[in-house]
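The values are calculated or read from the model by the stated rules, or taken from the named source; none is laboratory data. Since the structure is predicted, the reported quantities are computational estimates derived from the model, not experimental observations. Note that we place each Cβ from the backbone using ideal geometry, even for glycine, and neighbour counts take in every protein chain shown. We work out accessible area using only protein heavy atoms, side chains counted, and drop any ligands, DNA or RNA first. Shrake-Rupley method; radii C 1.70, N 1.55, O 1.52, S 1.80 Å.
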Amino acid sequence: IPVFILAGLLVHCVFLVSIFDIYFSSPLVHGMTPHWTPLPPPAKRLVLFVADGLRADSLYELDSNNTSRAPFLRGILENNGSWGISHTRVPTESRPGHVALIAGFYEDVSAVAKGWKENPVEFDSVFNESKHTWSWGSPDILPMFAKGATGDHVYTFCYTAESEDFGAEDAAKLDTWVFDHVKSFFNSSRSNQTLFSALNEEKVVLFLHLLGIDTNGHAHRPNSREYKENIKIVDKGVEEITSMIDNFYGNDGKTAFILTSDHGMTDWGSHGAGHPSETLTPLIVWGAGVNYPQKVTSQFFEDNFLKEWKLENLKRLDVNQADIAPLMASLIGVPFPLNSVGTLPLEYLNNSAHFKAESMFTNAVQILEQFKVKMSQKKETTLSFLFTPFKPLSDSEQINLLKKARLYIQQQKYNEAVSLCKTLINLALEGLSYYHTYDRLFLGFSIAVGFVGWTTYVILVIIKTHTSLTKAVQANNEESTILFYGFAFVGMIIAFFLLIQTCPWTYYVYCLLPVPVWYAVAREIPVIQDLAANLLSLHVTQSIGFLLVSMLGIEILVFSFFYRSALTIGLLVFAGWPVITHLWVQAKTTALIWTLLCVLLAIFPLMPVVGREANIPLVIASGLLTLLISFFPLASRKSEDKYRNNQDRKVHFYQV
């Protein structure tokens with residue numbers, strides 16, 4: 001039994017780790033060259049405000065007295081800039097959100113193993129491509145962009161980690177700290193000629209990370225007074241910083257401003273999943289090179305937010321979160337981040353059609369470079385006769401699309417050039433996904449074969465040791481030897497196949513695991529034969545009935561992933577099981593307890609997924625009650641015969 005349990009733990013550990021290799025491997029590639037728009041940019045500098053944890057509805061909605069809790073930002077989107085919703089992706093955490101905003105790609109999910117604080121794979125960003133970047137805010141966010149930068153041009157000013165107290169009464173002080181330090185920084189630059197000169201250069205980024213709203217949301221919930229008051233403080237701070245920067249640069253009209261958020265928050269103060277309250281974040285852009293508000297008579301979105309926010313007459317420009325990185329790069333004329341998968345949102349730009357077409361062409365070339373590197377990497381590690389290229393974007397098609405787009409720009413057919421570049425971007429993104437998931441079917445199949453093999457083996461062991469369905473059969477040594485050499489030969493072929501393709505060592509584990517598992521199954525062929533003989537002896541209707549019940553149970557389990565209430569149906573069926581099988585007559589008390597507990601448990605899936613408050617005593621009490629009930633059969637006199645076998649007693653103990 002101990003060996004069997006250890007084998008089970010090892011197999012399941014392999015299955016668990018395989019998830020990260022198959023689904024959560026890093027999407028990043030390296031070896032691309034930088035590309036930027038060849039025309040002069042509209043802005044010399046960019047100010048990025050990220051209000052951590054700010055929901056779109058919390059910023060855009062009006063109070064009960066029909067006034068905005070962020071009057072300055074409301075005035076900007078109504079009179080001076082463009083606005084919309086930035087759609088984030090799961091996981092809606094601070095690090096992945098900032099990586100999408102500033103680097104333009106969706107985070108390698110394996111970063112969760114490093115607490116979202118370290119870079120599992122180095123990446124490029126708008127900060128890295130800038131001439132100088134100064135940033136203020138949380139020590140959890142700022143250092144990762146400075147650490148990944150080449151050279152010493154990304155400067156960070158952080159408060160202490162101890163300041164991030166989620167239980168603090170006034171978390172807005174984190175944002176006040178940022179605003180105060182930015183003001184003192186600009187004041188000190190007047191007496192520091194080196195700093196003053198650096199601030200007056202082109203391609204400068206100022207990044208203000210505002211954590212107070214997120215902290216207040218966790219501590220007090222987004223509908224609380226503290227959360228809403230913090231939005232007012234941020235609005236006031238943004239107004240003061242905007243005015244100060246404009247004055248510092250003599251109102252030269254060369255500063256672009258962006259305010260957005262990394263993620264939203266649920267009503268109970270959490271984030272990380274994919275609820276709209278977590279994935280919908282605000283985006284307001286104004287200043288140099290940015291379009292003014294566009295009046296519209298009607299616009300259609302699936303949600304009803306426009307009417308609620310009283311913004312139905314101002315054009316709403318929604319983007320994916322990764323699209324903000326190329327927008328920032330285009331505004332200040334730096335190369336698009338090498339790993340960016342964002343598409344430049346042209347409707348935010350107030351510039352010539354020629355500039356927009358050139359920017360879009362640069363965007364297309366930059367994403368196509370990643371596609372080429374990804375394709376060459378996959379080609380190098382795959383046998384030529386097995387390699388299947390991404391056909392919609394063959395080498396000839398790439399050259400054709402690029403030549404045609406460049407020709408359209410030369411002929412001043414800018415709209416056609418933009419349209420063609422968007423097509424090329426979409427194809428390149430599809431191709432990136434294709435090569436990133438190239439081995440997914442192969443690896444998934446290997447894991448599935450191993451999983452089915454292990455499940456089959458466990459079923460056979462249970463049938464062999466705990467039922468009388470099979471007869472004890474003496475093993476044939478000659479057959480066992482042939483079987484062993486046969487499976488060993490299969491394993492050698494698989495290993496050789498992986499070796500000539502220079503696959504990672506984990507591929508060997510996933511592909512070779514099914515070999516010993518199915519060898520163990522093959523050794524139990526007599527058990528399978530006995531089981532088949534027993535099943536064939538059953539009536540056809542009985543066999544079909546068992547099959548249908550099994551399929552129904554599996555379907556209920558599958559549905560429960562999408563609809564929790566499906567578990568209620570399964571539990572109610574379990575509750576009626578004693579009545580259906582006539583156990584009710586044999587043991588009324590036990591059957592009644594069983595039915596009652598199943599009905600009680602059936603209520604659980606109908607309850608809310610996440611509660612507002614933690615109830616630790618309830619969790620501890622339920623754990624202790626489970627242990628008590630589990631040990632009850634050991635103490636019961638009626639179970640003496642059942643547990644006379646010491647092996648059974650051990651198994652029960654392991655289960656507890």
Report summary line: Dipole check, the stretch 44-339, charges on Cβ (K,R +1; D,E -1), about Cα centroid: among Phe179, Gly104, Ala329 the Cα furthest to the positive pole belongs to Ala329
Requested in this report: For the chain, give the share of DSSP beta bridges that are antiparallel, in percent and rounded to the nearest 5; count only bridges with both residues there.
Outcome: 35
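What ranking of Tyr438, Tyr159 comes out by heavy-atom accessible area, probe 1.4 Å, highest first?
I get Tyr438, Tyr159, largest accessible area first.
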Requested in this report: Select one label from (i) 56.3; (ii) 89.4; (iii) 38.4: the one whose number is mean projected area of the Cα convex hull in nm² as derived from the coordinates shown.
Outcome: (iii)
Query - Solvent-accessible surface (1.4 angstrom probe) belonging to Trp36, in square angstrom, nearest 10 - result: 140
Requested in this report: Convert each backbone phi in the stretch 531-537 into a coupling constant with the Karplus relation 6.51 cos²θ - 1.76 cosθ + 1.60 (shift: θ = phi - 60°), then list the ³J(HN,Hα) values in order as whole Hz, x for Gly and Pro.
Outcome: 5, 4, 4, 5, 5, 5, 7
Report summary line: Once amide hydrogens are built 1.01 Å from N within the peptide plane, the residues lying 5 or more places from Gly84 or on another chain with amide H under 5 Å from its amide H are Leu283, Leu317
Requested in this report: Compare Phe484, Phe336 by solvent-accessible area with a 1.4 Å probe and give them largest first, with all protein chains kept in place.
Outcome: Phe484, Phe336
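Over the stretch 44-339, what is the relative contact order in percent, taking alpha-carbon pairs closer than 8 angstrom and at least six residues apart?
Values: 615 pairs, mean separation 112.8, N = 296.
Reported as a whole number, the value is 38 percent.
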Report task. Determine ³J(HN,Hα), in whole Hz, for all residues of the stretch 156-163 in sequence, where each value follows from phi through the Karplus function 6.51 cos²θ - 1.76 cosθ + 1.60 and θ = phi - 60°; x replaces Gly and Pro. Result -> 10, 10, 10, 7, 6, 4, 5, 5
Report summary line: If unit charges are put on Cβ atoms (+1 for Lys and Arg, -1 for Asp and Glu) and the dipole of the stretch 44-339 is taken about its Cα centre, the option from Thr281, Ala161, Ala70 lying farthest towards the positive end turns out to be Ala70
Requested in this report: With only Lys, Arg, Asp and Glu charged, each at its Cβ (+1 for the first two, -1 for the last two), find how big the charge dipole of the chain is about the Cα centre; round to the nearest 20 debye.
Outcome: 1100
Query - In the stretch 519-608, chymotrypsin sites (Phe, Trp or Tyr not before Pro) in a DSSP loop with at most 10 other beta-carbon atoms within 10 Å - result: Phe561, Phe562
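Quick check: from the Cα gyration tensor, does the stretch 461-558 come out rounded (a/c under 1.5), prolate or oblate?
Details: a/c = 3.34, a/b = 1.51, b/c = 2.21.
In terms of gyration-tensor shape, oblate.
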Requested in this report: Specify which residue in the list Gly217, Met144, Val585 is farthest towards the positive end of the charge dipole of the chain, using unit charges on the beta carbon of Lys, Arg (+1) and Asp, Glu (-1), about the Cα centre.
Outcome: Val585
Query - From phi via Karplus (6.51, -1.76, 1.60), per-residue ³J(HN,Hα) for the stretch 593-605 in Hz, x at Gly/Pro - result: 4, 4, 4, 4, 5, 5, 5, 4, 5, 5, 6, 4, x
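For the cross-link pairs Lys236/Lys295; Lys44/Lys131; Lys236/Lys315; Lys228/Lys295; Lys173/Lys236; Lys356/Lys404, which exceed 19 Å when the distance is taken from alpha carbon to alpha carbon?
Values: Lys236/Lys295 26 Å; Lys44/Lys131 10 Å; Lys236/Lys315 25 Å; Lys228/Lys295 29 Å; Lys173/Lys236 13 Å; Lys356/Lys404 16 Å.
Checking Cα-Cα distances, Lys236/Lys295; Lys236/Lys315; Lys228/Lys295 exceed 19 Å.
Per residue, how large is the accessible surface of the chain? Use a 1.4 angstrom probe and give square angstrom.
Values: 34780 Å² over 656 residues.
So the chain comes to 53 Å² accessible per residue, rounded to a whole number.
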Query raised in the report: Considering amide H positions built from the backbone, and no H for Pro or chain starts, which residues 5 or more places from Leu349, or on another chain, come under 5 Å of its amide H?
Result: Asn291
Requested in this report: Could you work out how far the C-alpha centroid of the stretch 217-260 sits from that of the stretch 40-62, in angstrom?
Outcome: 8
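One quarter of the convex hull surface, Cα atoms only: what value does that give for the stretch 44-339 in nm²? It would help to have the intermediate numbers written out before the result.
Details: hull surface 58.3 nm².
The orientation-averaged projected area of the Cα hull of the stretch 44-339 comes to 14.6 nm².
Can you pull the percent of the stretch 34-81's accessible area that's carbon plus sulfur, 1.4 Å probe, other chains left in place? Don't skip to the end; give the middle numbers.
Values: 880 of 1730 Å².
For the stretch 34-81, the apolar C and S fraction of the accessible surface comes to 51 percent.
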Query raised in the report: Once amide H atoms are placed 1.01 Å from N in the peptide plane, what residues at a sequence separation of 5 or more from Val47, or on another chain, have their amide H within under 5 Å of its amide H?
Result: Leu206, Ala256, Phe257, Ile258
Query raised in the report: Rounded to the nearest 500 deg cm²/dmol, what is the calculated helix-only ellipticity per residue at 222 nm for the chain, with -39500 (n - 2.57) per DSSP H run of length n ≥ 4?
Result: -17500 deg cm²/dmol
